[in-house]
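The values are calculated or read from the model by the stated rules, or taken from the named source; none is laboratory data. Everything numeric in this text was worked out from a predicted model, so none of it was measured. In this analysis, Cβ positions are derived from the backbone assuming ideal geometry, glycine residues included, and neighbour counts consider all displayed protein chains. Each accessible area value is taken on the protein alone, full model and side chains, heavy atoms only, with ligands, DNA and RNA left out. Shrake-Rupley method; radii C 1.70, N 1.55, O 1.52, S 1.80 Å.
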Amino acid sequence: SVADMKGLKQGYLKITVVTTAKYVIPRLLGPFCQRYPGVEIALKVTNHSGILERLSENKDDLYILSQVPDEPDVKAHPFLANPLVVLANHDHPLANEKNIPIQKLADEPFITRESGSGTRGYVQRLFDEHKVTPKVKMELASNEAIKQAIAGGLGISILSRHTIALEGASGQIAILDVENFPIHCHWYVIHLAGKQLSVVAQAFLEYLQTEGKQIAENTTW
Ligand code: PGA
């Protein structure tokens, strides 16, 4: 309709995504913005609890995260696999081993995300389930900083595989072959159930679930 066209000609879209999704979403915005050059986008990146806060204050049109909250009432659309993997320095002795028992991770200096991180929550639950107590060496509130710490030989960590998307085979970081991994997380696009989505937000939601998803799945992250 004419109204729809107008909405897409000059819309404003506010999205907030979890820290690990920042490796994927900006790339998917490219083709969308080319199609709708009048659309202006504000993208915020925060952790799981940061998203819950913004959601409860109705700050954005759409959010992307792994664990869909029970409260407030939201509509959730499955989007993309987000496997969590064990990362170590390329030179680490475990880098060449196969089927490493999860208990062995307790022997390694461990770098953890900050409290409020969804990634940390998933890791904590898996460790609890297997009665693994990690030797936490350092807490860092940034996936990038954790990668640098791993590269610097400070320890191992568990992060979304998407965080090493652009590292390439020559990168300094290896994925360890540990039993019970990857942790199979999944990203969802969510919005407040009672919120009337704008034309632009609706278009972006549809784009993410179709073309955006395809681009992401066909990219070697
Ligand atoms: P986070 O992301 O660790 O940055 O909070 C978790 C998620 O995938 O929801």
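The residue list Val68, Val45 contains one member that is buried (at least 16 other Cβ atoms within 10 Å of the Cβ) and modelled with pLDDT of 95 or more, which is Val45.
Scanning region 77-102 for residues that are more than 17 Å from Arg161 (Cβ to Cβ) and touching a His at 6+ places or on another chain (Cβ under 7 Å) yields a count of 2. Taking the criterion of being surrounded by 14 or more Cβ atoms within 10 Å (Cβ to Cβ) and of a type in the set (S, T, N, Q), would at least one residue in region 24-40 satisfy it? No, every residue in region 24-40 fails to be surrounded by 14 or more Cβ atoms within 10 Å (Cβ to Cβ) and of a type in the set (S, T, N, Q).
Tell me the residue from Val132, Val85, Val136 that is open to solvent by 70 Å² or more (accessible area, probe 1.4 Å) and either more than 12 Å from the ligand (Cβ to nearest atom) or among the basic types (Lys, Arg) (or both), please. Only one candidate qualifies: Val136.
Taken over region 71-82, the criterion of being small (Gly, Ala, Ser) and either open to solvent by less than 50 Å² (accessible area, probe 1.4 Å) or away from the ligand (no atom under 13 Å from the Cβ) (or both) is satisfied by Ala76 alone.
Of all the criteria given as (1) within 16 Å of the ligand (Cβ to nearest atom); (2) under 29 Å from Gln214 (Cβ atoms), the one not satisfied by Ser142 is (2). I'm told Asn58 meets every condition in (1) of a type outside the set (Ser, Thr, Tyr); (2) touching a residue at least 60 places away in the same chain (Cβ under 8 Å); (3) within 20 Å of Leu159 (Cβ to Cβ); (4) surrounded by fewer than 13 Cβ atoms within 10 Å (Cβ to Cβ) except one. Can you identify the failing condition by its number? Condition (3) is where Asn58 drops out.
Criterion applied to Ile158, Ile146 was being in a strand (DSSP E or B) and more than 16 Å from His77 (Cα to Cα), and the one residue passing it is Ile158.
Look at region 101-123: where a residue is near the ligand (Cβ under 9 Å from one of its atoms) and a partner is among the polar types (S, T, N, Q) and not in a loop (DSSP other than H, G, I, E, B), sitting 6+ places away or on another chain with Cβ atoms under 7 Å, you get Arg113/Thr119; Gly116/Ser49; Thr119/Thr20; Thr119/Ser160; Arg120/Thr112. If you scan region 171-221, which residues turn out to be among the aromatic types (Phe, Trp, Tyr) and either closer than 23 Å to Ile15 by Cα or part of a helix (DSSP H, G or I) (or both)? Trp187, Tyr188, Phe204, Tyr207, Trp221, listed by residue number. All conditions but one from (1) in contact with a strand residue (DSSP E or B) (Cβ under 8 Å, 6 or more places away or on another chain); (2) away from the ligand (no atom under 16 Å from the Cβ) apply to Gly50; the one that does not is (2).
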